[in-house]
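Structure record follows, encoded as structure tokens.
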Amino acid sequence: MRVKKIAGVLLSFLAVLVLLLVCVFLFWLGPTVKLVAETVGTKALGTPLTINELTINPRSGTIHLSDFAIANPGTYGRSNAVSLASLDVSIDMGSIFTKTVVVHQVSINSPYFIYEQSAATDNIEEFVQSVQEFIGYDPEAPLDPEKEEKKRLKEEKKARKRAEQDPKVVIVESLVINDVQVHLAKDRKST
């Protein structure tokens, strides 16, 4: 009798824990992803990455992002290098684990990009260099032949595995992009 009582308490505790994890997943997934993206993105890019709002609802298959921005590196203009007023995505959640994933709608509002160039470099190259520093990549480092061979074999194995599997197909039923702005700027000091 005592063993049954202990087992019942443990099962009840596990059920409450699972329910709590599901609630956390459903209600705090967006803010958690937002915090991680802002923290890691800012460190990796070397400039602030900001998101005003990010909501993810796995039950309905919707993602909403608003006021996304990546600031220009300090040596460039004061405007953002990339910004987005909003992004809305609606996915058929029943199709996620099938071979054909159905995205009902993607709506992108007011995407803004600026490419700025100075005498020595450009803002995109500075972002790339910041990310390389963040991940510890050194393009000047000599290649280790043994390490490269292991990497090549691993890639071949992955490629064979992918070839054996049927590829996933993603169908986007509706794509709407409003008010795209692309700006090219050159530092006037360098001309």
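The values are calculated or read from the model by the stated rules, or taken from the named source; none is laboratory data. Just so it is clear, the model here is predicted, and its values are computed rather than measured. Positions of Cβ are generated from backbone atoms using ideal geometry, with glycine treated the same way; all protein chains shown enter the neighbour counts. Please note that ligands, DNA and RNA were not included when accessible areas were found on the heavy atoms of the full protein model with its side chains. Shrake-Rupley method; radii C 1.70, N 1.55, O 1.52, S 1.80 Å.
Between the Cα long axis of helix 123-135 and the first principal axis of the chain there is an angle of about 50°, rounded to the nearest 10. Within straight-line reach of K34, meaning a Cα separation under 21 Å, sit the following lysines at least 8 residues removed in sequence or on another chain: K43. Stretched out straight at 0.36 nm per residue, the stretch from A7 to S60 would grow longer than its current Cα-Cα span by 15.6 nm.
Straight-line reach from K158: taking Cα to Cα under 20 Å and skipping same-chain neighbours fewer than 8 places apart, the aspartates and glutamates in range are E146, E148, E149, D166.
Ignoring ligands, DNA and RNA, please state the percent of accessible area on the chain from carbon and sulfur, probe 1.4 Å. C and S fraction of accessible area: 63 percent.
Using a probe of 1.4 Å on the protein chains alone, the accessible area found for I177 is around 90 Å².
At a Förster distance of 30 Å, what's the computed FRET efficiency of V40 paired with K161, Cβ-Cβ distance as r, to 0.05?
Efficiency, from the Cβ-Cβ distance: 0.55.
Note on R160: accessible area approximately 130 square angstrom, rounded to 10, probe 1.4 Å, nucleic acids and ligands left out. For the chain, the dipole from Cβ point charges (+1 on Lys and Arg, -1 on Asp and Glu) about the Cα centre works out to 1140 debye, to the nearest 20. Once every DSSP H run of n ≥ 4 in the chain is given -39500 (n - 2.57) and the sum is divided by its residues, what mean residue ellipticity at 222 nm do you get, rounded to the nearest 500 deg cm²/dmol? Taking each H run of at least 4 residues, the total per residue is -14500 deg cm²/dmol. For segment 54-127, the direction-averaged projected area of the alpha-carbon convex hull comes to 6.5 nm².
Can you work out D for the chain in µm² s⁻¹ from Stokes-Einstein, where Rh is the Kirkwood radius over C-alpha pairs, the temperature is 20 °C and the viscosity is 1.002 mPa s? Answer from the Stokes-Einstein relation: 101 µm²/s.
Relative to its Kirkwood radius, the Cα radius of gyration of segment 3-115 gives an Rg/Rh of 1.17.
From most to least packed by mean Cβ count within 10 Å, the peptides 138-145, 151-158 give 151-158, 138-145.
Considering segment 114-191 at the alpha-carbon level, its Rg and Dmax are found to be 20.6, 56 Å. Each residue of segment 53-70 was assigned a 3J(HN,Hα) from its phi angle through the Karplus curve 6.51 cos²θ - 1.76 cosθ + 1.60 (θ = phi - 60°); the sequence is 8, 9, 10, 10, 10, x, 5, 9, x, 10, 10, 10, 10, 9, 6, 8, 8, 10 Hz, with glycine and proline shown as x. Remark: the chain carries 74 Å² of accessible area per residue (probe radius 1.4 Å; ligands, DNA and RNA excluded). Helix 145-164 and the longest principal axis of the C-alpha atoms of the chain enclose an angle of approximately 60°. In this simple spin-label model, placing a label point 7 Å from the Cα along the Cα-to-Cβ direction at both T98 and D144 gives a separation of 4.6 nm.
Between S79 and D67, the distance separating the two model label sites (each 7 Å from Cα on the Cα→Cβ line) works out to 2.0 nm. Loop exposure criterion: chymotrypsin sites (Phe, Trp or Tyr not before Pro), DSSP state outside H, G, I, E and B, at most 16 other Cβ atoms within 10 Å. Applied to the chain, the longest stretch between such sites is 1-96.
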